[in-house]
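The values are calculated or read from the model by the stated rules, or taken from the named source; none is laboratory data. Not measured: the values here are computed from a predicted model. In this analysis, Cβ positions are derived from the backbone assuming ideal geometry, glycine residues included, and neighbour counts consider all displayed protein chains. Each accessible area value is taken on the protein alone, full model and side chains, heavy atoms only, with ligands, DNA and RNA left out. Shrake-Rupley method; radii C 1.70, N 1.55, O 1.52, S 1.80 Å.
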Amino acid sequence: FTVRHFPRTWNRTAFRIVFPWNLAGLFLGLGALVVIARQGLRTDHWIRLAVGLVVFGFPLLALLANRRGGPASRLEPVRPLPLALSAAVGLLCGLSTMVAHAAGVILNLYLLRFKMSPQEFVGTTGRFYLCFNSLKIPFYVAATYLAPVPFLTLHSAKYCLWMLPFCPVGVAL
């Protein structure tokens, strides 16, 4: 619904930079899910630690980058981020979305660097979420076959379906 509401308003450059790395991160996340499930590890502790490190670490990196380059205004052109940082963000987004559905914070902090308008930001994030949440489905099916834990169940499908009518309301708000 978001993509349909913002059909042409999105940042193609930001999407193209992170997309392949995010896709690779899905494979890392698949591997992590299988290892965690097979070993019976308590994932909640590791997920909280990883998300906490990202939430505190990424803004610090952004502050350091801005400090070196002086204050940035909305009118000056966006300086390209180093490829290594974009790759790390993409890999981390893919991994964290597979394991904890927690890529939004990382992606949003990264995309803020592109200084988009609010409509462009929503259109870009909407495309990311549609694309990668759809791509996760076959990865979860694969994880179910590779690990002794079902990642997609009839119960989870029912839970998602009853929320579907609320999507247009959320987009409109």
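So the values come out like this:
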quantity: Qualifying residue in the stretch 138-147 (condition: free of Cβ contacts under 8 Å to residues at least 12 places away in the same chain and among the hydroxyl-bearing types (Ser, Thr, Tyr)); calculated: yes
quantity: First in the stretch 21-43 and touching a residue at least 12 places away in the same chain (Cβ under 8 Å), second anywhere and among the hydroxyl-bearing types (Ser, Thr, Tyr) and open to solvent by 80 Å² or more (accessible area, probe 1.4 Å), Cβ under 6 Å, 6 or more apart; calculated: none
quantity: Residue in the stretch 106-148 that is farthest from the chain's Cα centre (by Cα), counting only those that are open to solvent by 70 Å² or more (accessible area, probe 1.4 Å) and among the aliphatic types (A, V, I, L, M); calculated: Leu146
quantity: Condition met for Leu41 (modelled with pLDDT under 85 and surrounded by fewer than 17 Cβ atoms within 10 Å (Cβ to Cβ)); calculated: yes
quantity: Subset of the stretch 75-95 (residues that are modelled with pLDDT of 65 or more and outside any helix (DSSP H, G or I)); calculated: Leu81, Pro82
quantity: Residue pairs meeting the criteria (Cβ under 6 Å; at least 6 apart or on separate chains; first charged (D, E, K, R), in the stretch 101-120; second open to solvent by less than 40 Å² (accessible area, probe 1.4 Å)); calculated: Glu120/Asn11
quantity: The lone exception for Phe151 - which of (1) open to solvent by 20 Å² or more (accessible area, probe 1.4 Å); (2) part of a helix (DSSP H, G or I) it fails; calculated: (2)
